[in-house]
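**Student:** Quick one: this structure, given as structure tokens, is what I'll be asking you about.
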Amino acid sequence: MLTLGRTVALPVHRVALVTACALLVLTAVAAVATLSLGRLGIPLAELGSALTGGAEGKNAFVLERLRGPRLVVALGTGCALGVSGALFQSATRNPLGSPDVIGLGAGAGAGAAFAALLLPGVVPVPVGALLGAVLAMGLVYVSTGTGFRNPARLVVAGIGVAAMCTAVTQYVVYAMERDKASTLSAYVNGSLSARSWDDATTIWVVVLCTAPLVALISRRLSIGEMGDDIAQGLGAGPRNTKTYAVVLAIVLSAGAVSVAGPIAFIALTAPQISQRITRLPGPHLLLSSLTGALLLVLADLCAQQLPLFENLPVGIYTMAIGGAYLGYLLMSERRKGAL
Amino acid sequence: MTTVTSVPPSSTTRSGAARRAYALVIGLALLTVTLFASVMIGSRPTSLGDVLDVLSGTADIQVTTIVESRYPRTALGVLAGLALAVAGTLMQGVTRNALAEPGLLGINAGASASIVTATAFWGVTGNTAVMWWALPGALVAGIAVQAIGSVGSSKSQVRLVLAGAVLSAVLMAYIQAVTLSKPQVFDSYRYWVVGALGGRDFDVLQAMLPFAAAGLVLALLLGQSLNALALGDATAASLGVNPWLVRGAGLLAATVLSAAATAAVGPIAFVGLAVPHIVRAVVGVDFRWQIVFSAVAGPTLLLMADIAGRVVMRPQELMVGIVTAFVGAPALLVAVRRMRGNA
């Protein structure tokens, strides 16, 4: 409990508060590194004045055109994905219930590819991605027959839908000219390169508009963690709560997809990591969002600075690391036999 | 192992044997029809009479060229379909998991990663070399998925599939990283990954043949032991069958088969999943029959998918890997709806 005087008492765990502060500091460090590292980076000495509006020449260009918007998009997208994953995992009460595992990314990729090949210039690629993601989720929802409740069905249905969507994407990549195909292939892995302030605005509008709703639902969800019966007894109808949570989660992921493409596994890992650090019961929405932002900024830092492969889309890094983490999770998840 | 004479009770009954003999005749007839259809149908259709003329050597040169140009893809379809289907049957038998399949369990992804590595960093070309390169990746991926999927107490079928999806994701990240940073490899990769039978010549077939033959022979040799294994490890051991040896050999055969198919025609999903289910429904639980039937039904299914791909978007073609994804995934979704509880 956080108390201010005698009258204000906010239900905040001390651990959560400390963790949140630590995450903010780490994110700030990662953000500074993103802006200042590398050949084009703004030197640390000039960064302060650049951020307060005193940037000139190269620094101004880097801050306003190159890395500034990219960083702000990464922060917003990471937040959105983190919250989305936490909502999903809370609603399905399964650590693997995540938009990635159930094919949202693949759906977005297929939608993007479809828009790029069949309706070039008519439907913007991000809009295609958005539609693809929503359509894939609808397909998964229908094909499970039990909605989003049964995790085993969710996973298998997700794999099926993902396989179909990947086939579409691969066909389009096959059918296009090489350069366009290469660009599209990068986008469908989730990319943050060449983002504009418009993208930054889009994702932050999505995050900020859903924030109040997420806050509203978080309390009902945490009651839901106690089990459906108790939640029913406390007047928080579990079924509606779950549906709202999943819908919100899809809106957030879809927002992220529309600015950055389907970035893999942030939504899956962020809630898990924050939960493991704090050992709080159930996914914590705020901490998940902060962790998501930190993870994505770090991944994007790798994408920009690692010399091994140049200019890879950030989604490849998150896919590799998140996939390995998911494998670890799968091996350690032996207690409940949730899957 | 010769002491195990009649493991599944149904295999001894006369009506069961007759039913299977019928089914085999029908299956072979269906395969023959599909073979003819495969050399008949294409962007320039020919009639059955034309094909018969070509076979008897009386057709004119133009028709002969058209029909004969479809021989390699048809033969490749037979071999790849056989390999994938038998691999799926073996894997479902070994893991006792109805969702086991080389594609879903990451073996195709392992083979793909291996091939991409070999072409990108060592400039490996040539069909036989690529086959050999596909093997280690497929083997490592297969073992890794089994290891990840079987840790812990849960005996769920979904675990293994999820482990396969996880490993495939990581390998895909690697493949994308390599292909996107090497335009030349990206170009050949995007043509290969869609899974196409067309546009390949007899060389691929020659390279694949020994691997497919080895895998099939091993599978046929294992049939009896797999029957014993289906009764449980303890019973199998009491019948003189070493369960771990059979599992290992079964997975090895499945890996060789699917790696060869992947190297030859690209990663093709769902054939290995669907065929064993169809085959079990027709011939029952005896693995010797299941393997023989898979070897007939797999080619039929893959060729049908390939023919469908040639017809639906005429004059363009839809690659067979895409057709199988679009037919197989809904089948998987229907199976999901039938799953009870947490399966």
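The values are calculated or read from the model by the stated rules, or taken from the named source; none is laboratory data. No experiment lies behind these values; they were computed from the predicted model shown. Using ideal geometry, Cβ is built from the backbone for each residue, glycine included, and neighbour counts are taken over all protein chains shown. Surface accessibility is based on the protein's heavy atoms, side chains included, excluding ligands, DNA and RNA. Shrake-Rupley method; radii C 1.70, N 1.55, O 1.52, S 1.80 Å.
**Student:** Please go through the stretch A:261-285 and pick out each residue that is under 9 Å from A:A86 (Cα atoms) and hydrophobic (A, V, I, L, M, F, W, C). Can you show your working first?
**Tutor:** Going through the stretch A:261-285, the residues under 9 Å from A:A86 (Cα atoms) turn out to be A:267-268, A:270-272, A:282-285.
A:A267, A:L268, A:A270, A:L285 - these are the residues of the stretch A:261-285 that are under 9 Å from A:A86 (Cα atoms) and hydrophobic (A, V, I, L, M, F, W, C).
**Student:** If I ask for residues that are assigned to a helix (DSSP H, G or I), free of Cβ contacts under 8 Å to residues at least 60 places away in the same chain and in contact with a Lys or Arg (Cβ under 6 Å, 6 or more places away or on another chain), which ones from the stretch A:132-180 would you list?
**Tutor:** Result: A:T144, A:Y174.
**Student:** Whether any residue in the stretch B:117-128 is surrounded by fewer than 16 Cβ atoms within 10 Å (Cβ to Cβ), free of Cβ contacts under 8 Å to residues at least 60 places away in the same chain and assigned to a helix (DSSP H, G or I) is what I want to check.
**Tutor:** yes
**Student:** Separate question: Can you name every residue in the stretch A:170-190 that is surrounded by fewer than 24 Cβ atoms within 10 Å (Cβ to Cβ), more than 9 Å from every other protein chain (Cβ to nearest Cβ) and within 22 Å of the chain's Cα centre (by Cα)?
**Tutor:** Across the stretch A:170-190, the qualifying residues are A:T183, A:L184, A:Y187.
**Student:** OK, next. Within the stretch A:258-301, which residues are open to solvent by 40 Å² or more (accessible area, probe 1.4 Å) and under 17 Å from the mean Cα position of the chain (by Cα)?
**Tutor:** A:I273, A:Q275, A:H284, A:L286, A:L295, A:L298
**Student:** Looking at B:L222, B:L171, B:L180, B:L216 in this structure, which one is within 14 Å of chain A (Cβ to nearest Cβ) and modelled with pLDDT of 90 or more?
**Tutor:** Checking each option against the conditions leaves just B:L171.
**Student:** Considering only residues that are more than 22 Å from A:G190 (Cβ to Cβ) and not hydrophobic (A, V, I, L, M, F, W, C), which ones fall in the stretch A:106-156?
**Tutor:** If the condition is that a residue be more than 22 Å from A:G190 (Cβ to Cβ) and not hydrophobic (A, V, I, L, M, F, W, C), then A:G121, A:Y141, A:S143, A:T144, A:G145, A:T146, A:G147, A:R149, A:N150, A:P151, A:R153 are the ones that fit.
**Student:** Go through the stretch A:271-326 and give me each residue that's of a type in the set (S, T, N, Q), away from chain B (no Cβ under 14 Å) and touching a residue at least 40 places away in the same chain (Cβ under 8 Å). Steps first, please.
**Tutor:** So in the stretch A:271-326, the residues of a type in the set (S, T, N, Q) come out as A:272, A:274-275, A:278, A:288-289, A:291, A:304-305, A:311, A:318.
If we keep only those that are away from chain B (no Cβ under 14 Å) too, we end up with A:274-275, A:278, A:288-289, A:291, A:304-305.
Within the stretch A:271-326, A:S274, A:T278, A:S288, A:S289, A:T291, A:Q304, A:Q305 qualify.
**Student:** Just the residues that are of a type outside the set (K, R), part of a helix (DSSP H, G or I) and buried (at least 20 other Cβ atoms within 10 Å of the Cβ), please, taken from the stretch B:305-325. Write out each step before concluding.
**Tutor:** Of the residues in the stretch B:305-325, the ones of a type outside the set (K, R) are B:305-309, B:311-313, B:315-325.
Okay, now just the ones that are also part of a helix (DSSP H, G or I), so B:305-309, B:311-312, B:320-325.
Listed by number, the residues that qualify are B:A305, B:D306, B:I307, B:G309, B:V320, B:G321, B:I322, B:V323, B:T324, B:A325.
**Student:** Select, from A:D229, A:D198, the only residue that is modelled with pLDDT of 85 or more, over 18 Å from the mean Cα position of the chain (by Cα) and assigned to a helix (DSSP H, G or I).
**Tutor:** A:D198
**Student:** Could you identify the single residue in B:G149, B:G198, B:G126, B:G137 that is out of contact with any strand residue (DSSP E or B) (no Cβ under 7 Å at 6 or more places or on another chain) and under 30 Å from A:T144 (Cα atoms)?
**Tutor:** Among B:G149, B:G198, B:G126, B:G137, only B:G149 is out of contact with any strand residue (DSSP E or B) (no Cβ under 7 Å at 6 or more places or on another chain) and under 30 Å from A:T144 (Cα atoms).
**Student:** Can A:A163 be described as within 11 Å of another protein chain (Cβ to nearest Cβ) and open to solvent by 20 Å² or more (accessible area, probe 1.4 Å)?
**Tutor:** Yes; evaluated as a whole, the condition is true for this residue.
**Student:** Follow-up. Please list, ordered by first then second residue, the pairs with beta carbon atoms under 9 Å, 6 or more apart or interchain, first in the stretch B:265-285 and over 14 Å from B:L303 (Cα atoms), second basic (K, R).
**Tutor:** Pairs that qualify, where the first residue is over 14 Å from B:L303 (Cα atoms) and the partner is basic (K, R), are B:V282/B:R19; B:V282/B:R20; B:V283/B:R19; B:V283/B:R20; B:G284/B:R19; B:G284/B:R20.
**Student:** Filter the stretch A:141-154 down to the residues that are within 17 Å of B:P330 (Cβ to Cβ), facing another protein chain (nearest Cβ under 7 Å) and under 24 Å from the mean Cα position of the chain (by Cα) and list them by number.
**Tutor:** Residues satisfying the conditions are A:T144, A:R153.
**Student:** When the stretch A:29-45 is examined, which residues are found to be closer than 23 Å to A:F61 by Cβ and open to solvent by 20 Å² or more (accessible area, probe 1.4 Å)?
**Tutor:** Within the stretch A:29-45, A:V32, A:A33, A:S36, A:L37, A:G38, A:R39, A:L40, A:P43, A:L44, A:A45 qualify.
**Student:** Still on this structure: What number of residues in the stretch A:302-326 are part of a helix (DSSP H, G or I), open to solvent by 30 Å² or more (accessible area, probe 1.4 Å) and hydrophobic (A, V, I, L, M, F, W, C)?
**Tutor:** Looking only at that region, the number is 4.
**Student:** Do we have A:G105 as under 15 Å from A:A249 (Cα atoms), within 13 Å of chain B (Cβ to nearest Cβ) and in a loop (DSSP other than H, G, I, E, B) here?
**Tutor:** No; evaluated as a whole, the condition is false for this residue.
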